[in-house]
Structure formats: C-alpha cells, structure tokens
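Here's the structure we're looking at; comments come further down.
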C-alpha cells in the first residue's frame, strides 16, 4: 500500500464515499487526517487500519454514538484500554444475542417454507 493515500483512493479501498470519510473525520470517528501541501487529505496505513475496524463495528450494527464514544476513548490513550475492552465485550454480547435471534428467525422461515412446499405438493 502507498504510504499516503488520497481520499478518493481510500474511498475506493473501503467502499465508503469521500463524503462519508469527511463526515467521520468531522464527528470525531477518524482523527484529523494528515494533509499534503495543497491541503488534500493523505491517509496513512494506520488511518486505513482504523477505518477497517470502524467498518467492522458498523457491520455489527454498532450505533455511531457508541462508535464515537469508542473513538474518544481510543484518542485518550492506553489508560482507556480497560474501558474499551469492556465496551467491546458488551457489544459482542449484543451481537451474539442478535445472531441467536436471527437463527431462530431463520428456523421459523425454513419451517414456513417447508410448510408451503408441502401444501403446493399436495395440490
């Protein structure tokens, strides 16, 4: 990876829009990004790694408010590691509960589909 990527390059790599990347920076999810001489954003490898983690949190449906709280703790340094760990443990429990609920819903859907197939075969 290039050592410093433009916002368009990061957008292509992450699937986020340039607008979303600027928004994430504006609300504090992403720390202020380095700038080139002309003022264009230049993302480093560490920025991309953090964005990748934010995307994982987003995939697991962590609300932006909690993502911001996590980012604030992260920016405060290593003394917040216990708080961040607890926050992720709580979120993991939420995700696992959601997965359990989804499994039950999948099972109900499969049963209903099976029922409808049986009805169709009996005609």
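Every read-out reported here was derived from the displayed coordinates using simple, explicitly stated rules and does not represent laboratory data. Keep in mind that this is a model prediction, so the values were computed, not measured. Note that each Cβ is placed from the backbone with ideal geometry, even for glycine, and that neighbours are counted across all protein chains shown.
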- Look at residue 49 and say whether it is within 16 Å of the chain's Cα centre (by Cα) and either more than 17 Å from residue 30 (Cβ to Cβ) or surrounded by 12 or more Cβ atoms within 10 Å (Cβ to Cβ) (or both). no
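Step by step: first the residues of region 45-65, then only those that are assigned to a helix (DSSP H, G or I) and free of Cβ contacts under 8 Å to residues at least 12 places away in the same chain, then the one that is farthest from residue 5 (Cα to Cα). Which residue is that? Don't jump to the end; show me each part of the working.
Initially, region 45-65 is screened for residues assigned to a helix (DSSP H, G or I), giving 45-59, 64-65.
Next, only the ones that are free of Cβ contacts under 8 Å to residues at least 12 places away in the same chain stay: 46, 49, 53, 56, 58-59, 65.
Working: 46: 11, 49: 13, 53: 18, 56: 21, 58: 22, 59: 24, 65: 27 Å.
That would be 65.
Looking for whichever is farther than 19 Å from residue 50 by Cα and in a helix (DSSP H, G or I) here; the options are 81, 95. Which one fits? Reasoning before the result, please.
Values: 81 fails: farther than 19 Å from residue 50 by Cα.
Testing whether each residue is farther than 19 Å from residue 50 by Cα and in a helix (DSSP H, G or I) leaves just 95.
Got a sec? Which of 68, 42 is assigned to a strand (DSSP E or B) and surrounded by 11 or more Cβ atoms within 10 Å (Cβ to Cβ)? Give the steps one after another, and end with the answer.
Details: 68 fails: assigned to a strand (DSSP E or B).
On inspection, the qualifying residue turns out to be 42.
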- Message: Quick check on my filter: what residues within region 72-99 are in contact with a helix residue (DSSP H, G or I) (Cβ under 8 Å, 6 or more places away or on another chain) and within 13 Å of residue 30 (Cβ to Cβ)?
- Response: 74
- Note on the structure: Quick count over region 1-39, residues being under 17 Å from the mean Cα position of the chain (by Cα) and in a loop (DSSP other than H, G, I, E, B), is 8
